[in-house]
Amino acid sequence: SQTIHQWPATLVQPVGSPLSLECTVEGTSNPNLYWYRQAAGRGLQLLFYSVGIGQISSEVPQNLSASRPQDRQFILSSKKLLLSDSGFYLCAQGPGVRNTIYFGEGSWLTVV
Amino acid sequence: DAKTTQPTSMDCAEGRAANLPCNHSTISGNEYVYWYRQIHSQGPQYIIHGLKNNETNEMASLIITEDRKSSTLILPHATLRDTAVYYCIAERNSGNTPLVFGKGTRLSVIA
């Protein structure tokens, strides 16, 4: 089975502060890893994906960055948060059975 | 990946079948139709996928038209717990291609 751990689950940060969201996965080795964001009332937006250690593809240019220091660890960071960074952040891994992807429980970020 | 279009929202009475349509008129021959759903404040969950033939599993049935330009997800006996946003995605099933989610259909199951 594939298990995804995300933390923190909830975060309230002031504008201009740094951010670090962590995701670790269990199960298959060398998984593809993804970060998605969902702003309030909006759809899921793909932010970053990684097919291996140190390999990051960015889908949306912004003040966020991602890193993959270990095979099963994916980190989302920012040096200075903006109000528009508020949202529900989801880590996902794949491919799973039937080439599907599995999502974690998500992290709620509120920038104030 | 082919673009998909879905109605913004739908209602369904509890116990009745919920039929969620999806148009994917530009789908290519190697693209599968995937369905996921997202219950409020949770991550999306895989439901079912298919290429040409109709598919059924313990959660739902997927009906794909012969020309593959549209499909319908069927929840045979909707319950209140099926209230969620349902996403239809056309994807190559390569295993390495990120899934791109649209806005989906918000299904409300009503008692």
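Taken over segment B:41-56, residues that are surrounded by 12 or more Cβ atoms within 10 Å (Cβ to Cβ), within 14 Å of chain A (Cβ to nearest Cβ) and in a loop (DSSP other than H, G, I, E, B) amount to 4. Report whether or not B:T97 is of a type in the set (V, I, T), over 11 Å from the mean Cα position of the chain (by Cα) and more than 21 Å from B:T5 (Cβ to Cβ). Spelling it out, it is not the case that B:T97 is of a type in the set (V, I, T), over 11 Å from the mean Cα position of the chain (by Cα) and more than 21 Å from B:T5 (Cβ to Cβ).
Cβ separations smaller than 7 Å between residues 6+ apart or across chains give the following pairs from segment B:2-19 residues that are touching a residue at least 60 places away in the same chain (Cβ under 8 Å) to residues that are assigned to a loop (DSSP other than H, G, I, E, B) and of a type in the set (S, T, Y): B:A2/B:T26; B:A2/B:S28; B:K3/B:T26; B:E14/B:T79.
Here segment A:24-44 is the region considered, the condition is being within 8 Å of chain B (Cβ to nearest Cβ) and in a strand (DSSP E or B), and the residue that is modelled with the lowest pLDDT is A:L44. Taking residues in segment A:40-66 that are in contact (Cβ under 8 Å) with a residue 24 or more places away in the chain and aromatic (F, W, Y), and partners anywhere that are surrounded by 12 or more Cβ atoms within 10 Å (Cβ to Cβ) and assigned to a strand (DSSP E or B), the pairs with Cβ atoms closer than 6 Å and at least 6 places apart or on different chains are A:F48/A:W35; A:F48/A:I56; A:F48/A:S58; A:F48/A:A66. Out of the residues in segment A:58-95 that are within 8 Å of chain B (Cβ to nearest Cβ) and either farther than 13 Å from A:Y34 by Cα or modelled with pLDDT of 90 or more (or both), which is surrounded by the most Cβ atoms within 10 Å (Cβ to Cβ)? So the residue we want is A:A92.
From the set of residues in segment A:1-23 that are of a type in the set (S, T, Y) and modelled with pLDDT of 95 or more, which is farthest from A:S107 (Cα to Cα)?
A:S17
Scanning segment A:96-112 for residues that are crowded, with 19+ Cβ neighbours inside 10 Å, within 14 Å of chain B (Cβ to nearest Cβ) and in contact (Cβ under 8 Å) with a residue 60 or more places away in the chain turns up A:I101, A:Y102, A:F103, A:G104, A:G106, A:S107, A:L109. Candidates are the residues of segment A:10-23 that are more than 13 Å from every other protein chain (Cβ to nearest Cβ) and either among the hydroxyl-bearing types (S, T, Y) or not in a loop (DSSP other than H, G, I, E, B) (or both); the one that is surrounded by the fewest Cβ atoms within 10 Å (Cβ to Cβ) is A:V12.
Yes/no per residue for (1) within 17 Å of B:T26 (Cβ to Cβ); (2) away from every other protein chain (no Cβ under 13 Å); (3) in contact (Cβ under 8 Å) with a residue 12 or more places away in the chain:
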| residue | (1), (2), (3) |
| --- | --- |
| B:L62 | no, no, yes |
| B:E66 | yes, yes, no |
| B:S70 | yes, yes, yes |
| B:L73 | no, yes, yes |
| B:T79 | no, yes, yes |
| B:T83 | no, yes, yes |
| B:Y87 | no, no, yes |
| B:G104 | no, no, yes |
| B:L107 | no, yes, yes |
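The values are calculated or read from the model by the stated rules, or taken from the named source; none is laboratory data. If you're wondering where the values come from, they're calculated on a predicted model, not measured in any experiment. With ideal geometry, Cβ positions are generated from the backbone for all residues, glycine too; neighbour counts draw on all protein chains shown.
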